[in-house]
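Report on the following structure.
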Amino acid sequence: MHALRPALAALCLLACSSGLRGADDYKLGPESTEQPDVPRGRITKRFWNSQVFPETGRDYWVYVPAQYDPKTPACVMVFQDGENYMKPTGQFRVPIVFDNLIAKKEMPVTIGIFINPGRGPKGSNRSFEYDTLSDQYARFLETEILPEVGKEFNLRQDAEGRAICGISSGGICAFTVAWERPDLFSKVLSHVGSFTNIRHGDTYPGIIRKTNPPKKIRVFLQDGSGDLDNEHGNWPLGNQQMAAALKFKKYDYQFVFGDGAHNGKQGGAILPESLRWLWRDVK
């Protein structure tokens with residue numbers, strides 16, 4: 001596990017020391033608010049009918065930073081439940097954080113792709129798309145979304161220049177994409193990830209321990225002691241088991257465990273440091 005940056009270490013101390021803060025009392029910092037002297041990226045809304053997930057359509061948004069130069073391939077970061085991550089008044093406010101970090105050159109010029117789960121004749125296709133342990137969602141990104149966005153923007157094609165993120169079932173989806181296709185995505189950010197038995201996600205810790213050689217992926221996990229405990233499993237335990245397995249196999253990982261519930265409060269509060277850590281060696 002790579003050494004924590006001082007700011008992230010301080011956040012971990014606050015997250016894990018209940019005597020220092022009230023339960024689930026996380027606040028956004030200045031990097032999650034618009035700064036008057038920082039150039040703002042552009043966001044456009046799109047719609048996509050999928051062939052990999054037949055009879056489903058979904059909204060998605062593309063964020064392009066002000067510093068993007070078509071002559072230079074940009075890094076890419078994909079977000080499941082994209083509208084949730086993109087909202088300027090939400091718990092994450094990713095475009096604002098991107099604007100601030102890119103302007104300070106604390107993360108590379110990165111195009112964000114914010115994808116909502118598909119909807120079809122039977123309603124939401126979210127659990128099937130996100131919780132299934134297969135390469136299907138990776139194929140959806142590889143053969144449909146990335147080429148479509150790539151028609152308009154110059155995107156990096158290497159895994160080192162790509163990251164993927166999600167919350168809850170979107171978190172395990174992000175891990176599954178990189179696990180199945182480390183040649184496509186090398187960086188994972190999971191917020192209160194559903195590593196439980198919704199669709200056999202609780203098997204990942206054992207799979208990680210027995211898979212040789214370890215895969216070339218970098219993983220950041222966040223969860224809280226107040227997360228869910230229901231018929232599918234215990235979310236805090238599932239994330240702790242994931243962290244223990246990644247540690248055992250000597251993966252490049254971080255695990256920040258606080259006192260939060262099943263939401264994005266802590267994940268949003270530590271998002272700037274999470275992104276710095278994920279992208280730390282990409283120019």
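Being in a loop (DSSP other than H, G, I, E, B), open to solvent by 30 Å² or more (accessible area, probe 1.4 Å), over 19 Å from Ser168 (Cα atoms) and not polar (S, T, N, Q), is that true of even one residue in segment 117-129? Explain how you work it out, then say what you get.
Applying the first criterion (in a loop (DSSP other than H, G, I, E, B)) to segment 117-129 yields 117-118, 121-122, 125.
In the following step, the residues that additionally are open to solvent by 30 Å² or more (accessible area, probe 1.4 Å) were identified as 121-122, 125.
Now narrow it down to the ones that are over 19 Å from Ser168 (Cα atoms): 121-122.
Right, trim to not polar (S, T, N, Q) and you get 121-122.
Yes, that holds for at least one residue.
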Q.
Which residue is nearest to Ser274 (Cα to Cα), if the candidates are limited to segment 13-46 and must be at pLDDT 95 or above, open to solvent by less than 40 Å² (accessible area, probe 1.4 Å) and assigned to a loop (DSSP other than H, G, I, E, B)?
A. Gly29
(Q) I'm checking my understanding of the structure. Among residues of segment 74-113 that are in a loop (DSSP other than H, G, I, E, B) and either of a type in the set (Lys, Arg) or under 14 Å from the mean Cα position of the chain (by Cα) (or both), which one is surrounded by the fewest Cβ atoms within 10 Å (Cβ to Cβ)? (A) Lys105
Q: Identify the residue in segment 61-73 that is in contact with a helix residue (DSSP H, G or I) (Cβ under 6 Å, 6 or more places away or on another chain) and aromatic (Phe, Trp, Tyr) and, among all such residues, is least open to solvent (accessible area, probe 1.4 Å).
A: Tyr63
Q: Would you check if there is a residue in segment 37-59 being within 15 Å of Gly170 (Cα to Cα) and in contact with a helix residue (DSSP H, G or I) (Cβ under 7 Å, 6 or more places away or on another chain)?
A: no
**Q.** Search result, residues across segment 139-166 that are over 21 Å from Glu180 (Cα atoms) and not hydrophobic (A, V, I, L, M, F, W, C)
**A.** Glu148, Gly150, Lys151, Glu152, Asn154
Q: Report yes if some residue within segment 149-162 is assigned to a helix (DSSP H, G or I) and of a type in the set (S, T, N, Q); otherwise report no.
A: no
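The values are calculated or read from the model by the stated rules, or taken from the named source; none is laboratory data. Not measured: the values here are computed from a predicted model. Backbone-built Cβ (ideal geometry, glycine too); neighbour counts: all protein chains shown. Note: areas computed on protein heavy atoms with side chains; ligands, DNA, RNA excluded. Shrake-Rupley method; radii C 1.70, N 1.55, O 1.52, S 1.80 Å.
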